[in-house]
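Asker: Here it is, the structure in full.
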Amino acid sequence: MNDNGLKVINEKDIINRKFIISKFVDKFLNGCIENLLEVLMDQDNKINYINTYEYMFFITAINFESNFILTKSEAVSHIKEYRKLSRTQQKSITEFLKKNMIPDKKDKKRIAKKDFHNWKNETDSLFNNFLSETVYFNLVGTKECKRIHLSTKNGLFNDEQTKLNRSLQERQKYMKNHNIKKKDGFELHHIIPLLWSTSKTHFKMLDNWLNMIYIDAYSHRKVKQHITLNKGNNQYLKLSDSCNKEIYLKKDKNVLYNYKKQKEMLDKNRDLRTKPEEDNNIE
């Protein structure tokens, strides 16, 4: 058994064990759960659930390297438009895809076209066997189409402080402290992902404006698992991952931030990486 399995077994607290499982599942799925979580957490989106087909059609396309790529804001927009359709229209879309998403048998790697039924089975398995086991979501609905909601069973999303949406407050702090306004094509990104949380305290520590950067959608697709913020200058910021793979973000082109706040951001990033369980910096 590897170290990750031992962490799960040795963690006595049931909720914290679910946090650890959630992190491993997100890494395995290349950030899909993080995308789902952030879409549901952002009150500006006004989306309280994601169903099976919405996840398949839109959430999985967020920052995914394929011919069909969506930003989070684009995915939210598509979901809202999809929900304006009648049930008959939505069913027609699904039936159309079922008939047309049949890959060529000669295409062994399914590169040219994805098999709809396999896609649906994979999503059902994800919802039933993985998302329902994470600390963040609860599952309702029918066998054919289920809905994922933020969980209210663990105190993470149902206490009064969280109802005010800490995440929204922290996003607003980022914009205010960096003296910037919302810009099309840019999204706030957590440097150390929320899904790396190991407890409720750690989750709130990571959901801090100093652990965020406002980057363009193209860069957002490349920064998965980049958890270290490195010192740059007034022209760029640099991120690196655990393998020291680096990505440079040019100021005003790839990232919008106030250079004077860089030291605070660097200090926070170092603290979160080296002292992840300390809660003295939670506001």
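The values are calculated or read from the model by the stated rules, or taken from the named source; none is laboratory data. In this text, all values refer to a predicted model and were calculated from it rather than measured experimentally. Neighbour counts run over all protein chains shown; Cβ positions are idealised from the backbone, glycine included. Ligands, DNA and RNA are excluded from the accessible area calculation, which covers all protein heavy atoms including side chains. Shrake-Rupley method; radii C 1.70, N 1.55, O 1.52, S 1.80 Å.
Asker: Excluding residues on the same chain fewer than 8 positions from Lys114, give the lysines whose Cα lies under 18 Å from its Cα.
Answerer: Lys98, Lys99, Lys105, Lys106
Asker: On average, how much area does the Cα convex hull of the range 196-236 cover when viewed from any direction, in nm²?
Answerer: 3.7 nm²
Asker: If I model the range 123-269 as equal point scatterers sitting on the Cα atoms and use the Debye formula, what is log10 I(q)/I(0) at q = 0.11, 0.14, 0.19 Å⁻¹?
Answerer: Debye intensities relative to I(0), on a log10 scale: -0.50, -0.77, -1.16.
Asker: Further question on the same structure: Of the accessible area of the range 160-266, with the probe set at 1.4 angstrom, what percent is carbon plus sulfur?
Answerer: Carbon and sulfur together cover 48 percent of it.
Asker: Still on this model: Between the range 166-180 and the range 253-269, how many Å separate their Cα centres?
Answerer: About 13 Å separates the Cα centre of the range 166-180 from the one of the range 253-269.
Asker: For the peptides 139-152, 90-103, 197-210, what is the packing order when you average, over each peptide's residues, the other Cβ atoms within 10 Å and list the highest mean first?
Answerer: Highest-to-lowest ranking by the protection proxy: 197-210, 139-152, 90-103.
Asker: Right, something else. Between Asp124 and Asp241, what is the spin-label point distance in nm, taking each point 7 Å from the Cα along the Cα→C-beta axis?
Answerer: Result: 3.2 nm between the two label points.
Asker: Give me a comma-separated list of calculated 3J(HN,Hα) values for the range 167-184, in order, Karplus coefficients 6.51, -1.76, 1.60 applied at θ = phi - 60°, integers in Hz, x for any Gly or Pro.
Answerer: 4, 5, 4, 5, 5, 5, 5, 4, 4, 5, 5, 9, 6, 10, 10, 4, 9, 4
Asker: Let me ask another. Tell me the per residue accessible area of the range 174-234 using a 1.4 Å probe; a whole number in Å² is fine.
Answerer: Ligands and nucleic acids excluded, the result is 39 Å² per residue.
Asker: Step through the table entries Lys72/Lys182; Lys27/Lys80; Lys176/Lys253, compare each Cα-Cα distance with 23 Å, and write down the pairs that go over it.
Answerer: Beyond 23 Å: Lys27/Lys80.
Asker: Then there is this: Mind giving me the nanometre distance, one decimal, between the label points for Asp44 and Ser77, set 7 Å out from Cα along Cα→Cβ?
Answerer: 1.4 nm
Asker: Please state the relative contact order of the range 178-283 as a whole percent: Cα pairs under 8 Å, 6+ residues apart?
Answerer: Value for the range 178-283: 29 percent.
Asker: While we're here: Return the long-range amide H neighbours of Ser151 (sequence gap of 5 or more, or a different chain), with a cut-off of under 5 Å between placed amide H atoms.
Answerer: Under 5 Å from the amide H of Ser151: Phe137, Asn138.
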